[in-house]
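One structure is given below, encoded as structure tokens.
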Amino acid sequence: MKHALPPLPYAYNALEPYIDARTMEIHHTKHHQTYVDKLNAVLEKHPDIAERPVEDLLQNLEQLNLPEPDKKAVRNHGGGHVNHSLFWKIMGSSKEVNQELVHDVDHAYGSLVEFKKQFTDLATTLFGSGWVWLAKDEAGKLHLHQLPNQDSPYLHGHTPIIGLDVWEHAYYLKYQNKRPDYIQAWWSVLKLLP
């Protein structure tokens, strides 16, 4: 079964004024679609692993018997696919606060305010393109990750909970070079936290 572009759970304009409809449409139909297409293209050469979930491929990437260029393609395009698939789900036009997550964040970081400060600092200071993540390890401990390119917490054995795309394609049409403004606006569309 080929990997497929998941539909957005809302209209392209649903996150306005924080994220504009044109950015959402290009981001979803062009960027994410390209990750899916290129992941499928590399997996066609490896039918023995083509049916595995992308999360499993990333968690076990180093154990896969793949040539280095194909391993890199799975890392980049598989990461791009899984990262964006979660990104679309955690955003929305209304809050759906996860109280258990709020409690866990308070416990791990001292307060929601402190967590948001640390997360925002990582997103602001990430050099170049990449993602900032809140993820859980196998023991349930929370971790912040500042990762380049389309790297996923799955590569580190962690399960992503919240991820912010700080590639320029995620914000440049509306915010140009003002990444901090985009990050601040994004908190308004993250549904899981108040």
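Bear in mind that the values in this text are calculations on the coordinates, not laboratory data. Here the structure is a predicted model, which means the values were calculated and not measured. Neighbour counts run over all protein chains shown; Cβ positions are idealised from the backbone, glycine included.
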| message | Using only the alpha-carbon atoms, what does the stretch 99-186 span along each of its principal axes? Please give whole angstrom values in decreasing order. | response | 39, 28, 19
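Å³ per residue of the Cα convex hull, for the stretch 32-96?
Working: hull volume 5.5 nm³, N = 65.
In the stretch 32-96, the Cα convex hull volume per residue is 85 Å³.
Taking R0 as 22 Å, what's the FRET efficiency between Y18 and H107 from their Cβ-Cβ distance, rounded to 0.05?
After rounding to 0.05, the efficiency reads 0.20.
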| field | Backbone HN-Hα couplings from phi across the stretch 23-35 [Karplus 6.51/-1.76/1.60, Hz, Gly and Pro as x] | value | 4, 4, 5, 5, 4, 6, 7, 9, 5, 5, 4, 5, 4
| request: For L66, enumerate residues with amide H under 5 Å from its amide H, sequence gap 5+ or separate chain, H modeled in the peptide plane. | output: none
| query | How about K116: which aspartates and glutamates have a C-alpha closer than 20 Å to its C-alpha, ignoring those fewer than 8 places off in the same chain? | reply | E96, E100, D104, D106, D137, D165, D181
| query | Quick one: what Rg and Dmax do you get for the chain from the alpha carbons, in Å? | reply | 16.6, 48
| Around Y182, what is the net charge, scoring Lys/Arg as +1 and Asp/Glu as -1 over all other residues with Cβ under 13 Å from its Cβ? | -1
| remark: If each part is reduced to its alpha-carbon centroid, the stretch 126-179 and the stretch 1-28 end up apart, in Å, by 18 Å
